[in-house]
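Report on one structure; see the data block that follows.
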Amino acid sequence: MGEGLQKGKGRELTHVHTSPISACMSLKSIITLPDEKILRQKSAALKTVDAGARKLFDDMLDTMYHAPGIGLAAIQVGVPMRQVVMDIAKEGEDKKPLFLANPEIIWSSTQLNDYEEGCLSIPEFYEMVERPAEVNVRYLDRNGDAQEIHAKGIIATVLQHEIDHLNGILFIDHISRLKRQRVIKKFKKADKLGKL
Ligand code: NI
């Protein structure tokens, strides 16, 4: 038993040197404007939530926390599958990750709500967007079990924003044409300059 304890201790010491976070983290690069070709793709439904889908969920969550962001769709890391990760917990609060496969809005309120939205694919751009204030969403969780949630407030907004991504829709599609064209132009210009 003593030897076992010693071994255990030794293992713990190794962990001091290899941070458990960096050891299991797998960060993906996030696709941003002006790369609309990928972001405008419609994502495909999952047949089952298998080990590959779970690995993608985990990598997406690490990538989202690292960004940092509160929601991320698979297409934003270049995978056209209907998978979303979210966590609206504030800094200092316990993490509450949500994994959604094939999320579907099955009801939305007629009452609308305004939120200032941003997107990891459109860095440093924020604009007010009006959407239904409440939604019911059906999805498969990380285990592949069917779930249904009723959401209001910021979680309802994030759900709608992320489900839009699965259909190739960006939040700038909900703002005025002039503002949208201006932001797309800004990213095209920055991209061009970066390539010089
Ligand atoms: Ni987004």
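A short reminder: the numbers here are calculations on the coordinates, not readings from a lab. What you see is a predicted model; the values in this text were computed from it and never measured. Every residue, glycine among them, receives a Cβ derived from its backbone with ideal geometry; neighbour counts consider all protein chains shown.
Table for the structure above
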quantity	calculated
Cα-centred dipole magnitude for the chain, charges only on beta-carbon of K, R (+1) and D, E (-1), debye, nearest 20	880
With 10 Å bins from 0: P(r) over the chain, alpha-carbon pairs, percent	8, 31, 33, 16, 7, 4, 1, 0
Amide proton proximity set for Glu134, modelled H, under 5 Å, gap of 5+	Ser109
Shape category assigned to segment 24-107 from the gyration tensor of Cα positions, a/c cut at 1.5	rounded
The chain: calculated mean residue ellipticity at 222 nm from DSSP helix runs of at least 4, using -39500 (n - 2.57)	-11500 deg cm²/dmol
Where a label projected 7 Å from the Cα of Leu27 along Cα→Cβ would reach, residues of segment 43-87 with amide N under 14 Å	59-69
Peptides ranked, highest mean first, by Cβ atoms within 10 Å: ranges 165-178, 34-47	165-178, 34-47
Anisotropy class of segment 128-196 from Cα gyration tensor, a/c 1.5 cut	oblate
Among 110-123, 53-66, the order from most to least packed when residues are scored by Cβ within 10 Å on average	53-66, 110-123
Too-long pairs where the Cα-Cα distance tops 24 Å, listed order kept, from Lys37/Lys188; Lys37/Lys152; Lys55/Lys185; Lys55/Lys95	Lys37/Lys152; Lys55/Lys185
